[in-house]
Every structure is written in structure tokens, then in C-alpha cells.
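First comes the structure, then the notes that go with it.
The values are calculated or read from the model by the stated rules, or taken from the named source; none is laboratory data. Quick caveat: nothing in here was measured; it's all calculated off a predicted structure. Methodologically, a virtual Cβ is constructed for each residue, glycine included, from the backbone with ideal geometry; neighbour enumeration extends over all protein chains shown. Each accessible area value is taken on the protein alone, full model and side chains, heavy atoms only, with ligands, DNA and RNA left out. Shrake-Rupley method; radii C 1.70, N 1.55, O 1.52, S 1.80 Å.
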Amino acid sequence: MTIRSLLVANRGEIAVRIVKAAKAMGLRTVQVHSAADADMLAVKLADEAVDIGPPSAAKSYLNIECVVAAAKEAGVDAIHPGYGFLSENAAFAQAITDAGLIFIGPSAEAISLLGDKVKAREVAAAAGVPTVPGSDGLIADIEAARAVTARTGFPVMIKAAAGGGGRGIRIAASMEEFERQFPLASAEAKAAFGDGGLYIEKVIERARHVEVQILGDGVDAIHLFERECSLQRRRQKVWEEAPSCSLPADVRDALCASAVALAKSVGYKGAGTVEYLYDEDAGAFYFIEVNTRIQVEHPVTEMITGVDLVQEMIRIAGGGKLSLRQEDIRLSGHAIECRINAEDPARNFVPGPGTISSLSVPEGEGIRFDTMLYEGYTVPPFYDSLLGKLIVHSTDRAACMTRLEQALKDLKIGGLATTVPLHLALCRDDSVQTGAVHTRFLEPWLEESFQPDAGLEEVA
């Protein structure tokens, strides 16, 4: 089915990104919004807009019935879910299909299969992809956990089978601590995801977080190289780059090949990301999970490959085959993305929504700012604090870091506190400059090395 119009079932910067990509393809765009988002940028850019409910996400962006009804009323052909909200909800994908519309993403079956972390581990293992040592399936009770931890040793991660985005994870350094955490983790998972199922993975000390971007058309699949996302706070990514500076060529080849093998094994359709932990000391990588959606950090992949991932998603969903072969994908230079949030690093990252009193965005070669902001816009307090993403590209990582620092200095967002000072400090840190980081680097660094006031005069 040819897609001539689509509805964007999301908000913020990703909604703007999708609207712009669709309009560039000549498609009619419809943007849904809650009552709190009536004046957001995506609403202004789209051809039409539909109010789907009150500010509460549960009553608007997470309301499957309302979103599908809005799409049918608007007469669109397809729905793009963006990331977050309903993007990895199999019931949502199925409801769209049942309504005779196109879901821009993989099938409900694939989402269900890969969204269950335990099943995804089984799929990965069957495809020959290494998995982190841990339980073979769900852990039913403490006694079952004893058998697993006797084999893996401590520390271990207790992970929600239905979790995602770094949520639903607890770390236990001993059996005593495990026994305390296990029932709490199950209750937390049940409350957050509606599923209290848990499994166990060994903690890989000083691991790096590396992920592979894939595209599939249901038959064939390709990769668009990898991204590194090791700088994380509370298991949420802060800074992403592509390619990883830590991978030898042979490891990169094996990593990317394994992601393609996994995608082909399930007939994957659309854009997705296969996530891994990389043990740099051992030169080994381990599968973590598959994100069956566009990622927040997709722009760094676009910058090093020249491929518009959102447009490719739309073409594939409309019945198209992959327009690119693996040999067409060339890696060019280096790209880094900084997530700019409405949070105050000087006050333990407390969120601070407010009105944008002024906005000055850096421009020039190799600079991109994906955002929902405009002067006079009031950032609502009901949603994620992400304001935009500053992405830079250059010939190599060192040149990229230099360009990034200047772009951060030139980015001026008046009216509220942002995480720009954090990113400036990271740019100037010796370990970050040399790439000597891992997934447990940032939080101790924040306590020991980060000076919140440093550089504030440059971004005021």
C-alpha cells in the first residue's frame, strides 16, 4: 500500500523530526496532541492537528483507542509512533493493523517477541549472537536464583522481562542483597510494565554500551554501523556517538554481522537497534536487547552514513524493499550527539520546565539541532525533559569534539536551566576526550569531578 498521509503519534522533538521527514516526501501530515501541547512546534508544522485528550499521557498519548480513532477520523494511511509512549507496544501495532492502517514499524508479533527480554535472549542465542551470562529464562523464585548466581557469581542485575529504556533494573552484590531486592524488583516491574517477570544477568564490570542500527524489509536486512552510548546517568543515555572509538575492525565486523543475522532470523521490518555490552578488556560483546523503533540517537548514524532513517522507515512500511545494499553503506567521519534536557545540573538535575525567553541555535557545516523549541514556547511539566539534541559531525573524533565544544558555547536557550554546562564539562574532560569511558563512568565523575558552575558564563 502506498503511503500518502500519516499521523504522528508522539510529541516533542521526535514529532518535529517525523513531520519534517514526511513533508519532504510529499506526504500529508497529521499531528496528535494533548491539551498541554496545543502550541507545540510539530502542531504548527503539520498540515493538520487533532486534540486527543488531557495533559496526562495515560489519557492522551498512551490511549490507543483515542490515537487510532484520530487516525481514522483524519483519513490517514499510516501512523508513525516515534520513540517512547506506544512505539514498542504490540497491542498498539495490532490495533492499527486491525483498523486497516499501516504501522510504521515492525509487526505486532515481532514487537511482542523482541520486546520480551527473555524471549529476545533466546532469539539472539538461536541466531548465534553471544548473550550475557545469566538465567536461561524467567526466575521463578529465590531458589532458582541461587542456582544461577552460583554459576555467574556476583554482582548481578535483576532485570524486568518487560522493561526498557534502562528502567526495571536493580543490581545485587551478594545473595543477601539479592533476597532483599528480588521481591521489590518484581513489584516494581509489575507496577511499571504490568508484568512482574524477572531474569538475571551477570554485571560486566567497566562495560561499554554499543548498539547496531539495522534496517529490514521483512526478508533482507542491513546494518548502518554502530553507535556508542556509554555515558549514562541512572541508566539513561546522556551522550551518544558514532562510530564507537573502542572497537577494533574485526570486532566491529562481527558485531554488525551478528545484528544483521538476528534481524534476518525474525524477518525484521523497519528500523531497529540491537544493543550490546562490550567488554573491552576481553574483546568480547554480549547481546542485551532489541529496540523495535527509531532511537533518540538515530541522528549520529544519519550523519556518518547520509541515510535518512525516518524516510526509510516510511518507505519500507509502505511495502518497499530495502533501497540500499550493505555495500552502499559507507562510514564517513565521526558524529556526536548531546541530549539537551530542561534539567539543572547544579541542582542534582531537577527538571525545570518554563518559557523559552530567547533561542539562538548554532549553524554551520556539520552542525544539526533537532528540537521542538521556539521563542515564546512554554515547555510543559508533564512529560520527558528532553528539549532537543545537538549533533555535530566532522572528519574524525578529535575534530568532532572541537566542533562540539564551540557549538555548545553557541547554543543559547534562555528562560530555563539546561544540561548544556554538563556537556561542556564532558567535552573538556581528559577521559572523555580520549574515549576512556564505560557505562559506570559518569555517575562517579559527576560526584568527584563535575563543577556545575564551570563554563556557565559562556552559556548564559
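Odds and ends about this structure:
- Rounded FRET efficiency, nearest 0.05, which uses the C-beta distance separating E363 from S431 and R0 of 25 Å: 0.25
- Global form of segment 327-460, assessed from the alpha-carbon gyration tensor, a/c cut-off 1.5: oblate
- The overall shape of segment 207-449, judged from the alpha-carbon gyration tensor, is prolate: a/c is not under 1.5, and a/b is greater than b/c.
- Distance between the pseudo-spin-label points of E177 and A249 (7 Å out from Cα toward the beta carbon): 4.2 nm.
- Spin-label proximity, K23 to segment 381-402 - amide N less than 19 Å from point 7 Å beyond Cα toward beta carbon: 388-389
- Mean Cβ neighbour count within 10 Å, used as a protection proxy, ranking 48-58, 440-450, 85-95 highest first: 85-95, 48-58, 440-450
- In this structure, D281 and V219 have a Cβ-Cβ separation that, at R0 = 41 Å, corresponds to a calculated FRET efficiency of about 0.60.
- In straight-distance terms, cross-link reach from K389 covers every one of the lysines whose alpha-carbon lies under 18 Å from its own, apart from those fewer than eight places away in the same chain; here that gives K20, K237, K409, K412.
- Per residue, the chain exposes 39 Å² of solvent-accessible protein surface, assessed with a 1.4 angstrom probe and all protein chains in place.
- Overall form of segment 325-380 per C-alpha gyration tensor (a/c, 1.5; a/b vs b/c): prolate
- Relative contact order (%) - segment 142-202, alpha-carbon pairs under 8 angstrom, separation at least six: 41
- Ligands, DNA and RNA left out, the accessible area of the chain computed with a 1.4 Å probe is 49% carbon and sulfur.
- Antiparallel %, DSSP beta bridges [both residues in the chain], to 5: 80
- Reach of K23 by Cα under 17 Å, taken over lysines that are not fewer than 8 positions away in the same chain: K44
- Here the sum of -39500 (n - 2.57) over DSSP H runs of 4 or more residues, divided by the residues of the chain, equals -10000 deg cm²/dmol at 222 nm, to the nearest 500.
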